[in-house]
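Engineer: This is the structure I want to talk about, given as structure tokens.
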Amino acid sequence: MARDAASRPGDGNAFTRFFDRVDSALEPIFGAPPSVGGLEQNDAAELRTRPCPVCGRAIFEHTFDDLSGNIVMTCPTSERLPERAASGPLNELGMPAQGRRLERYEQRAAAE
Ligand SMILES: [Zn+2]
């Protein structure tokens with residue numbers, strides 16, 4: 001091919017060099033995820049006795065359906081735990097703000 005012949009041997013052409021430079025620039029950002037240490041394997045029996053975050057009953061009381069490829073857990077009761085009241089600033093998704101956003105809110109509140 002003409003492009004390959006025009007490039008220096010062994011280091012690709014301008015197109016591949018461009019993406020090599022992009023890869024090397026982005027690798028520190030999107031490189032391999034850091035190893036996640038400290039996550040202990042949970043005992044299966046202990047997991048079944050944990051309370052459901054939706055209804056509060058133990059997980060083993062629930063039914064699980066795997067009909068559509070997605071596992072759907074059905075609570076044994078229609079009672080639901082009350083939602084925790086959100087206090088403090090929220091992020092753009094309506095979740096409690098964390099990190100820099102929370103720091104900025106606190107700085108603004110302190111400045112007022
Ligand atoms: Zn439940």
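Values in this text are rule-based calculations from the coordinates and carry no lab data. It should be emphasised that the depicted structure is a prediction, and the values quoted were computed from it without experimental measurement. Every residue, glycine as well, gets a Cβ built from its backbone with ideal geometry; the counts of neighbours run over all protein chains shown.
Engineer: Using amide H atoms built 1.01 Å from N in the peptide plane, name the residues 5+ places from residue 58, or on other chains, whose amide H lies under 5 Å from its own.
Structural biologist: Amide H neighbours of residue 58: 52.
Engineer: Output ³J(HN,Hα) for the range 88-99: one whole-Hz value per residue in order, computed from phi by the Karplus curve 6.51 cos²θ - 1.76 cosθ + 1.60 with θ = phi - 60°, and x for Gly and Pro.
Structural biologist: Karplus values, whole Hz, x for Gly and Pro: x, x, 10, 8, 5, 9, x, 8, x, 5, 9, x.
Engineer: So if we plug the beta-carbon distance of residue 61 and residue 15 into 1/(1 + (r/R0)^6) with R0 = 41 Å, what FRET efficiency do we get, rounded to 0.05?
Structural biologist: My answer for the efficiency is 0.10.
Engineer: What FRET efficiency comes out for residue 81 versus residue 104 if R0 is 35 angstrom and r is the Cβ-Cβ distance? Round to the nearest 0.05.
Structural biologist: Efficiency, from the Cβ-Cβ distance: 0.65.
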